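One structure below.
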């Protein structure tokens, strides 16, 4: 059944084995004050835990809702891109399945975004089970070109990168910027997109009055239910995070920003040595660091093509982007997690 009104926002929920989370996520969408003007698209990346059937059943009788099964696991980027092709809303809202929204979240977020004339935006992200602060997006990037400074604010403000768990962007802008880069597969995709938003002459904002709750790292770090109870990562997660962080700079930097890629390479070398001493498994270091850097070279033609494409819509150069340089180092947050939970546990996959 379709609504007679053109949707304002197309909410895209990309699901993969989200049985623990999907019901509350979708219930919070149905409870939105703006629900009658939403289009809900649930895309599934071949879940094996029954969450695909559960999601399809929940939205079966919703107006303007679609279940979108993929034939294979396309990853975050290609999965969202494919779902976005069916979207009709003026805005796209990419929502993680381990998140739930307070009732007026989308109404407030959309109103503030329109008033600010922003191309992209994100809400205040709180922890899943309570109102404790998780993120308001990254205010900038550190000396190594990594997203930095996730602190709170009392009013709507510019932000370099809205959090990827709840990312609002104009549908037309998303398409003009080239959508998510499918080569990324997953991780750092919102950072890459945010660079393009800013260099294209648009801006992103954070809206603390719009409130959302997010578990985070639900697949790679499942223990603890709604609360993170350990510090866990995997060979594959670190591979994608490290490789894609380099790709962002290599794609979007002109000259000065490219120097940050050199610094980032140096920091990865130091991290690799520390990881070998702490985790004592060469397979992790090879996958997470050596292969991450090697595959940036393998993707050199893709990088060159992306640089040519970005040059066509670039409105801001490196000098202007340096206003987002922050003194707080990205890795400080990981140090804090190590202090709380100890040396990270690494899954060999």
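The numbers here are math on the coordinates, done by the rules we state, and not lab data. Since the model is a prediction, treat every value here as computed from it, not as a measurement. Every residue, glycine among them, receives a Cβ derived from its backbone with ideal geometry; neighbour counts consider all protein chains shown.
Side notes on the structure shown:
- Between residue 20 and residue 256, the C-beta separation translates, for a Förster distance of 45 Å, into a calculated FRET efficiency of about 0.55.
- DSSP assigns beta bridges within the stretch 9-214; of those with both partners inside it, close to 40 percent run antiparallel.
- Of the peptides 62-69, 262-269, 237-244, the ranking by mean beta-carbon count within 10 Å, highest at the top, reads 237-244, 62-69, 262-269.
- Extended-chain gain in nm, criterion 0.36 nm per residue less alpha-carbon gap, residue 33 and residue 273: 81.3 nm
- Calculated P(r) of the stretch 9-214 - Cα pairs past 31 Å, %: 11 percent
- Mean separation of Cα contacts under 8 Å, 6 or more apart, over the residue count of the chain: relative contact order %: 18 percent
- Percent antiparallel among DSSP beta bridges (both partners in the chain, rounded to 5): 35 percent
- Dividing the helix sum by the residues of the chain, where each DSSP H run of 4 or more adds -39500 (n - 2.57), gives a mean residue ellipticity at 222 nm of -12000 deg cm²/dmol.
- Distance histogram in 10 Å bins (all Cα pairs of the stretch 1-41, percent per bin): 27, 51, 20, 2
- Averaging the sequence gap over all C-alpha pairs within less than 8 Å and six or more residues apart, then dividing by the number of residues, gives the stretch 34-171 a relative contact order of 23 percent.
- For the stretch 239-260 versus the stretch 1-65, the gap between their alpha-carbon centres in whole angstrom: 34 Å
- Rounded Å value of the spacing that divides the Cα centres of the stretch 145-217 and the stretch 263-310: 23 Å
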